[in-house]
1. Cβ neighbours within 10 Å, averaged per peptide: list 201-207, 75-81, 50-56 in order, most packed at the top.
2. Say each of Glu24 and Asp191 gets a label point 7 Å from the Cα, pointing the same way as Cα to Cβ; how far apart are those two points in nm?
3. Given points 7 Å out from each Cα along the Cα-Cβ axis, report the Asn170 to Asn143 separation in nanometres with one decimal.
4. Could you check the simple spin-label distance between Lys200 and Asn241, using points 7 Å along Cα→Cβ, in nm with one decimal?
5. Using the structure shown, select from Lys156/Lys233; Lys200/Lys229; Lys178/Lys266 the pairs with a Cα to Cα distance greater than 24 angstrom.
6. Looking at region 142-257, what % of its DSSP beta bridges pair antiparallel, to the nearest 5?
7. Tell me, what is the percent relative contact order of the chain, built from C-alpha pairs under 8 Å that lie six or more residues apart?
8. Where does each of 137-147, 3-13 land if you order them by average Cβ count within 10 Å, highest first?
Amino acid sequence: MRFLYGISSSTANDYSNATMETLEFARQHEFDVIEIYCETPDFIPGKVSSELLNKVHQLALDNNIRVQLHAPFHSINLASFNDRVRQLSIRILEETMELAQRLESPIVTFHLGLCFLPCQLYRDKAFDFLIDSLNQVLDYASNYGIIIAMENRGGKLDIGKPSDLLRVANAIDNKLLKITFDTVQANVHGDPIEYYLMLKDHVINVHVSDSPRGKSLLLAVGEGEINFKGLMKAFIDNSFNGPLIFEMSSKDKALISRNVLQEIVKEILS
């Protein structure tokens, strides 16, 4: 079984040139995928130059590297009680999907939003707003056949706990709605293996980093407390081979982590 390994542009040293820096690194070190973090100055949806888009697309094609996008998230709240905030959030995701279509990117990862005081008091109403927003986003996604993958989140106010994601998945039966599973975010509140098994039927993409339990650090695999041997076995048992996107504090940590995971896979399969 061969896993697909990728690297996030959030690992870049120069955020003003994060996309090309990460793509070149992926080419040099034979990564299968890059995930472009659409919060960096060079790659904000609606503002990316055609020159850069064409350059990224061609270099990825020439080197057989798949491109995925991580939508902006600091301004996204699909469950907001403010209609203008929800509409802005939807439009940002639409612009991200337009970028994805230009780059032939099959997956856009996104965050659902935050649950502030109105949401905390009226959770069912917030959920109704969330579902309505997602249906609008999915209508747009259907124009391009792009999968949108909601990410699990571990923050106190984040909408994205495993129970949240399952509630959304059960409410919306759409093949274009999937989950990006983040190992560290799962580790904030519980056992990543347990959470993955809860979500596995919907997971299409994984963010990999390590951390001590209860913390959301971006360490290399083996530097924290996550049981990656058990997690990789769970992936294999579920016939999931990635992509596994290294979302870490440096590119060197991504290289270390890939080597560690490759050794774990060899051990499991031997």
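What follows is calculated from the coordinates using simple rules that are stated; it is not laboratory data. As the structure is a prediction and not an experimental result, all values here were calculated from the model. Cβ: placed from backbone, ideal geometry, glycine included. Neighbour counts: every protein chain shown.
1. Averaged packing, sorted descending, gives the order 75-81, 201-207, 50-56.
2. Those two pseudo-labels are separated by 4.5 nm.
3. With each label placed 7 Å out from Cα toward Cβ, I get 3.3 nm.
4. 1.8
5. Exceeds cut-off: Lys156/Lys233; Lys178/Lys266.
6. 10
7. Value for the chain: 17 percent.
8. Numbers: 137-147: 16.8, 3-13: 22.1.
Going by the mean number of other Cβ atoms within 10 Å, highest first, we get 3-13, 137-147.
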